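Data block below; observations after.
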Amino acid sequence: MKLHNSNIERDIVFSTPEVEELIKGNNYSDALVILLRNQKLDWDLLSRGFDSLQNIKTKTFQFDGFTFDVQFNPGRLKSTTANVTRSAIENRECFLCLENLPQEQKGINYKDEFLILCNPYPVFFEHFTIVFRKHFPQRISESFHTFLKLSKKLGKYYSVLYNGTECGASAPDHLHFQAVNKNSLKILTHRDLLIKKHTEKIIDQRKKEVFGINDGLRKIILIKSKDERFITNVFVTFCSSFQNSTNLQNEPMINMISAFDEKEGWQIYIFPRKAHRPKCFYEKGDKKLMISPAVIDFSGTLILPREEDFEKINKNDIHNIFNDVVVGKELFDYLKAHIKKTI
Ligand SMILES: [Zn+2]
């Protein structure tokens, strides 16, 4: 395990009296706003990354009760094509280890366990990476509790996102989450219509709800509650049945979003997957679309790092992409039934 040394420690934490005060009051959201503002002034790579978002090309596709944006974002090329095979991971320097972060990069301390950093290759105008301070594998079974807590602490403005090791995490060897502004996630905006049009209610107890959503592209387990223990129970039940029904050695293939607000409590969106990348990723020539769906793609913004793909992608391609990477109906029905029976 690589541990940071104390020199790095002193340098890397962003702290001002104002930020300290905000954190003391549990207002991490406004502390992050200050961090981002300062990092844009002090760190060229980051300010260029955010500047490039101003001219980014997007187009929108309408589906039944929801929309998807497609974003041409060349800054994401490295992440889309990341080689996450074991040998490739073992042979590279870990870019999330604190000693390998760029000189200018600073972050907000979270309980001396995590550092919240600005993402220099953003997809949205506010985009953070939340990095565990030790080199420790991405594993949701051991970090789900933190995932919930973080989304509560950041809930004033932000949602917290998770990518499983085999379906989107570009550093599967180093535990991390992302945080983005809630307004950026189209699925949160479309939630009520998705529930109305495409949903089966799996659990309907007072202030404890679980939905199974199948909107024709995605299959989603949505947990809505203020009760942390209930949410954890549903999550653990879901994971164990998913794990048992697939042959994966590691954790089940999932992407997740957690959004918290005081009125409703948590909304946890779980996207069960069957593949890391769609067939079109591996095609050659005209048939190729370089896309590697992860949690942001599932939230309603598809990221394409090549302009040619952005120009040619159509609705049918989007259907095929999700069909290739999302679990089948039979397995989804089984997972829903298992939660219903067990909880
Ligand atoms: Zn690392």
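Just give me the residues in the stretch 130-141 being more than 12 Å from the ligand (Cβ to nearest atom) and open to solvent by 20 Å² or more (accessible area, probe 1.4 Å), in sequence order. Don't jump to the end; show me each part of the working.
Initial filter on the stretch 130-141 (more than 12 Å from the ligand (Cβ to nearest atom)): 130, 139-141.
139, 141 - these are the residues of the stretch 130-141 that are more than 12 Å from the ligand (Cβ to nearest atom) and open to solvent by 20 Å² or more (accessible area, probe 1.4 Å).
Checking the structure you have, find out if any residue of the stretch 110-119 is in contact (Cβ under 8 Å) with a residue 40 or more places away in the chain and surrounded by fewer than 19 Cβ atoms within 10 Å (Cβ to Cβ).
Checking the stretch 110-119: not a single residue is in contact (Cβ under 8 Å) with a residue 40 or more places away in the chain and surrounded by fewer than 19 Cβ atoms within 10 Å (Cβ to Cβ).
Six or more apart or on different chains, Cβ under 7 Å: which pairs go from a residue in the stretch 78-98 that's within 21 Å of residue 177 (Cβ to Cβ) to one that's within 16 Å of the ligand (Cβ to nearest atom) and modelled with pLDDT under 85? Could you list them?
97/2; 98/4; 98/8
Mind listing just one residue for me: the one in the stretch 93-125 that is charged (D, E, K, R) and within 25 Å of residue 25 (Cβ to Cβ) and, of those, nearest to the ligand (Cβ to nearest atom)? Give the derivation first.
Going through the stretch 93-125, the residues charged (D, E, K, R) turn out to be 93, 99, 104, 106, 111-113.
Now drop any that are not within 25 Å of residue 25 (Cβ to Cβ), which leaves 106, 111-113.
Values: 106: 18, 111: 19, 112: 17, 113: 14 Å.
The residue in question is 113.
Return a yes/no flag: does the stretch 180-203 have any residue that is among the hydrophobic types (A, V, I, L, M, F, W, C) and within 16 Å of the ligand (Cβ to nearest atom).
Of the residues in the stretch 180-203, the ones among the hydrophobic types (A, V, I, L, M, F, W, C) are 180, 185, 187-188, 193-195, 202-203.
From what is left, the residues that are within 16 Å of the ligand (Cβ to nearest atom) are none.
Within the stretch 180-203, not a single residue is among the hydrophobic types (A, V, I, L, M, F, W, C) and within 16 Å of the ligand (Cβ to nearest atom).
Mind checking which residues of the stretch 270-282 are under 14 Å from residue 332 (Cβ atoms) and open to solvent by less than 50 Å² (accessible area, probe 1.4 Å)? Outline the logic, then answer.
Filtering the stretch 270-282 down to residues under 14 Å from residue 332 (Cβ atoms) leaves 270-274.
If the condition is that a residue be under 14 Å from residue 332 (Cβ atoms) and open to solvent by less than 50 Å² (accessible area, probe 1.4 Å), then 270, 271, 272, 273 are the ones that fit.
Yes/no matrix, rows are residues, columns are (1) farther than 30 Å from residue 81 by Cβ; (2) basic (Lys, Arg); (3) surrounded by fewer than 21 Cβ atoms within 10 Å (Cβ to Cβ):
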| site | (1), (2), (3) |
| --- | --- |
| 241 | yes, no, yes |
| 252 | no, no, no |
| 258 | no, no, no |
| 267 | yes, no, no |
| 284 | no, yes, yes |
| 293 | no, no, no |
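Does any residue in the stretch 31-57 that is among the basic types (Lys, Arg) come within less than 7 Å, Cβ to Cβ, of a residue that is part of a helix (DSSP H, G or I) six or more places away or on a different chain, and which pairs are these?
40/46; 40/47; 40/50; 57/310
Of the residues in the stretch 210-230, how many are more than 15 Å from residue 65 (Cα to Cα) and touching a helix residue (DSSP H, G or I) at 6+ places or on another chain (Cβ under 7 Å)?
7
Which members of the stretch 235-275 meet the condition of being basic (Lys, Arg) and either under 20 Å from residue 324 (Cβ atoms) or within 19 Å of the chain's Cα centre (by Cα) (or both)? It would help to see each step written out before you state the result.
Narrowing the stretch 235-275 to residues basic (Lys, Arg): 263, 273-274.
Answer for the stretch 235-275, where residues must be basic (Lys, Arg) and either under 20 Å from residue 324 (Cβ atoms) or within 19 Å of the chain's Cα centre (by Cα) (or both): 273, 274.
Suppose we keep only residues that are open to solvent by 70 Å² or more (accessible area, probe 1.4 Å) and of a type outside the set (S, T, N, Q) within the stretch 44-61. Which one would you say is farthest from the ligand (Cβ to nearest atom)?
Filtering the stretch 44-61 for residues open to solvent by 70 Å² or more (accessible area, probe 1.4 Å) gives 44, 48, 51, 54-55, 57-58, 60.
Next, from what is left, pick out any that are of a type outside the set (S, T, N, Q): 44, 48, 51, 57.
Working: 44: 24, 48: 25, 51: 28, 57: 33 Å.
The qualifying residue farthest from the ligand (Cβ to nearest atom) is 57.
Condition check ((1) in a helix (DSSP H, G or I); (2) at pLDDT below 95) across all residues:
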residue: 47; (1), (2): yes, no
residue: 52; (1), (2): yes, yes
residue: 61; (1), (2): no, no
residue: 71; (1), (2): no, no
residue: 76; (1), (2): yes, yes
residue: 93; (1), (2): no, yes
residue: 105; (1), (2): no, no
residue: 108; (1), (2): no, no
residue: 147; (1), (2): yes, no
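If a residue has to be more than 16 Å from the ligand (Cβ to nearest atom) and either under 13 Å from the mean Cα position of the chain (by Cα) or in a helix (DSSP H, G or I) (or both) to count, how many in the stretch 149-164 make the cut?
First, pick out the residues of the stretch 149-164 that are more than 16 Å from the ligand (Cβ to nearest atom): 149-162, 164.
Restricting the remaining residues to those that are either under 13 Å from the mean Cα position of the chain (by Cα) or in a helix (DSSP H, G or I) (or both) gives 149-153, 158-162, 164.
Looking only at that region, the number is 11.
Of everything in the stretch 69-99, what is among the charged types (D, E, K, R) and under 22 Å from the mean Cα position of the chain (by Cα)? Give them in sequence order.
Here is the first cut: in the stretch 69-99, the ones among the charged types (D, E, K, R) are 69, 76, 78, 86, 90, 92-93, 99.
Once the filter is applied, which keeps residues that are among the charged types (D, E, K, R) and under 22 Å from the mean Cα position of the chain (by Cα), the stretch 69-99 yields 69, 76, 78, 86.
Considering only residues of the stretch 274-320 that are hydroxyl-bearing (Ser, Thr, Tyr) and assigned to a helix (DSSP H, G or I), which is nearest to residue 162 (Cα to Cα)?
As a first pass, look at the stretch 274-320 and keep what is hydroxyl-bearing (Ser, Thr, Tyr): 282, 292, 299, 301.
Among the residues that remain, those that are also assigned to a helix (DSSP H, G or I) are: 282, 299.
Working: 282: 25, 299: 12 Å.
Only one residue fits best here, namely 299.
Of all the strands (runs of 3 or more DSSP E) wholly in the stretch 165-234, which have at least 1 residues that are within 18 Å of the chain's Cα centre (by Cα)?
Values: elements: 176-181, 199-205, 208-214, 219-225.
Answer list for the stretch 165-234: 176-181, 219-225.
Going through 215, 173 one at a time, which residue ends up being within 16 Å of the ligand (Cβ to nearest atom), open to solvent by less than 40 Å² (accessible area, probe 1.4 Å) and acidic (Asp, Glu)?
Details: 215 fails: within 16 Å of the ligand (Cβ to nearest atom).
Just one listed residue meets the conditions, 173.
Need pairs with beta-carbon distance below 7 Å; first residue hydroxyl-bearing (Ser, Thr, Tyr) and within the stretch 128-149, second outside any helix (DSSP H, G or I) and within 15 Å of the ligand (Cβ to nearest atom); sequence gap 6+ or separate chains.
Note: pairs meeting the criteria are 129/117; 129/176; 143/175.
Search the stretch 62-92 for residues being among the charged types (D, E, K, R) and over 16 Å from residue 281 (Cα atoms), and hand back the single one that is surrounded by the most Cβ atoms within 10 Å (Cβ to Cβ).
Initially, the stretch 62-92 is screened for residues among the charged types (D, E, K, R), giving 64, 69, 76, 78, 86, 90, 92.
Add one more test, that the residue is over 16 Å from residue 281 (Cα atoms), and what stays is 64, 69, 86, 90, 92.
Values: 64: 11, 69: 15, 86: 9, 90: 8, 92: 13.
If we take residues in the stretch 62-92 being among the charged types (D, E, K, R) and over 16 Å from residue 281 (Cα atoms), then 69 is surrounded by the most Cβ atoms within 10 Å (Cβ to Cβ).
The values are calculated or read from the model by the stated rules, or taken from the named source; none is laboratory data. Source: prediction; values computed, not measured. Here Cβ is always computed from backbone atoms with ideal geometry, including for glycine, and neighbour counts include all displayed protein chains. Surface accessibility is based on the protein's heavy atoms, side chains included, excluding ligands, DNA and RNA. Shrake-Rupley method; radii C 1.70, N 1.55, O 1.52, S 1.80 Å.
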